[in-house]
Structure formats: C-alpha cells, structure tokens
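What follows is one structure encoded as structure tokens, with my remarks underneath.
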Amino acid sequence: MLRRVLADTGDALVSVFFPGGCRLCERLLTRASRLPICEECLGAFPALPLRVCSICGSPALAATTLDGSNTESPPGSNQRTCLDCTERTYRFDRARSYAAYRGTLARAVVLLKFERIEPLAAYFAERLATLAQRACLAADIVVPVPLHRVRERERGFNQAELIAREVARRLKLPFKPVLLMRTKARPDKHILSNDERWRIVRGAFATRPGSQVDNKRVLLLDDVMTTGATLDACAGALLEAGAKSVIGLTVARAVRRETPTGIGE
Ligand SMILES: [Zn+2]
Ligand SMILES: [Zn+2]
C-alpha cells in the first residue's frame, strides 16, 4: 500500500527507501553533511542564467532583446522582457528563481514537499539569498506562500515556509509566516491547464485581520513558479492590505520554451 502510494507520487520518493545514500540517485554519500543529496546531483541542478526577463525572471527572452535589434534598450539595461510579459501584467513587480524545474532539481523540490528535510531547505535558501542580493531585490519583510490549513495539517509542514524562514535569516529581514492565508484549497487534480491555474487561485488568498503590511516591500517565497498565477494572487491580497510592492522568489521555475544558448552573462 505504502509502496503504491509512493509510486503514484513520482520517482523522487523511491529514494526514501534508501536512507543511507543520496536521496536522488542512491549513490553512497561520502562527505559529512546533513544534506542527503550527493555532489553530482547538486551539481546537476539547472541554475538559471543571470540574464532573464526583467519582470518575470523567465530565461526565455523575446527575440528582439536577444539579437540587439531592440534599440530602445541599450546593452545591460533592465528593459529586457519575455514574450509573456509583453502581453500580460502581474501584480508583483518582479519574480526571480534559482533554477529550472527539471531533472534532479525537480526531484529535490518534490522530496522537500513530502519530507521535512531542513538541510535541503537551507541549501535552497542559501542560493535564493545570494540571488536576492545579486538581483538587488530590496524588501522589508519575507512572507511564504501559505498552504490551505487542511493541506498543511495533512502534510505537517509548509515547504515554502521552511525555505522562507532560512532566506529571512540570511537576509536579516523579519519573517512573517502567518500574515497571508489560503482560504480556498487547491483541487486534488495533479495536472492543471494554465487557465485552470489562474482560475483556482482567484480570491484564494487573504491577509489575516490585523496584519501589518502598510507600505512594506514584501519578498514572497514559494518552491515553484509555473504560470505566476499563485504569486500574482498573493501579491493582489498583499497590495490590497496596503503593501507597497511585492517581489516573488522561488526555488524552481517551469520553463516552457527552451532557454536560448550563447547569451550567458
Ligand atoms: Zn545523487
Ligand atoms: Zn517575463
């Protein structure tokens, strides 16, 4: 029964049966660390390039900003955007992610969703804190994207909160885990279309009565950004409650278009 449940939730959890080795590839761990992932798997995390869409952080930039024909934005300016951001506006100012949601990184994110591996949350937080500093993501408070209370009770913890707490500690910012709440649960369905993702988060978040967000710049943390719908819905609730601005920061990013090569900075 347990084995079947685990098989249903994906390959990442098979490694749970081999607690002595790397949780992703079963290779024996040779270094003394509480992080149960080997150097090879960590080294295979597909980190995103520095040059990304200035708004949503996607590595899939619009072609005009890649070949230099967009004379409106001189090289090195912050005015490069992806195709999605030429068509859509978000309620968060900017979003950035550490790596693409695929390969060993995707499996590590899934692992953290089901197992409270604090050293893994700390590993991600270290990368995100560095990214926040390099991308000059200025903020006053750190807020995790909340789970619905029923979901959090089932799982026992919120993985976004584990990561956000460590990011706040590294950036020396106040950590506000109970400021936002999810009032509508995500449906159990695993695969959602983009339209469904936007529809189900509409009005799904609210700030708790009495929350102090007036004029605060919020750094909003989550594990994965897919369409940006969740970050957008959270940002809407925070702005309504008086926040000055919201920046989204996630460990992983679902990247639909292939990242163009040869444009690294
Ligand atoms: Zn490994
Ligand atoms: Zn974009």
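When residues in segment 80-109 are screened for being within 16 Å of ligand 1 (Cβ to nearest atom), open to solvent by 30 Å² or more (accessible area, probe 1.4 Å) and assigned to a helix (DSSP H, G or I), 2 of them pass. Here LEU238 fulfils each of the conditions (1) modelled with pLDDT under 90; (2) open to solvent by less than 60 Å² (accessible area, probe 1.4 Å) apart from (1).
Residue-level analysis places ALA122 among those that are out of contact with any Cys (no Cβ under 8 Å at 6 or more places or on another chain), over 20 Å from VAL255 (Cα atoms) and open to solvent by less than 50 Å² (accessible area, probe 1.4 Å). From the list THR250, THR261, THR230, the lone residue that is of a type in the set (Val, Ile, Thr), modelled with pLDDT of 90 or more and open to solvent by 10 Å² or more (accessible area, probe 1.4 Å) is THR230. Listed conditions (1) closer than 23 Å to GLU115 by Cα; (2) open to solvent by 30 Å² or more (accessible area, probe 1.4 Å); (3) modelled with pLDDT of 50 or more; (4) not basic (Lys, Arg) are all met by ASP11, apart from (3). Considering segment 20-53, and only residues there that are under 22 Å from ALA100 (Cα atoms) and open to solvent by 70 Å² or more (accessible area, probe 1.4 Å), the residue that is modelled with the lowest pLDDT turns out to be LEU50.
The values are calculated or read from the model by the stated rules, or taken from the named source; none is laboratory data. Predicted, not measured: the structure shown is a model, and the values here were computed from it. In this analysis, Cβ positions are derived from the backbone assuming ideal geometry, glycine residues included, and neighbour counts consider all displayed protein chains. Only protein heavy atoms, including side chains, enter the accessible area calculation; ligands, DNA and RNA are left aside. Shrake-Rupley method; radii C 1.70, N 1.55, O 1.52, S 1.80 Å.
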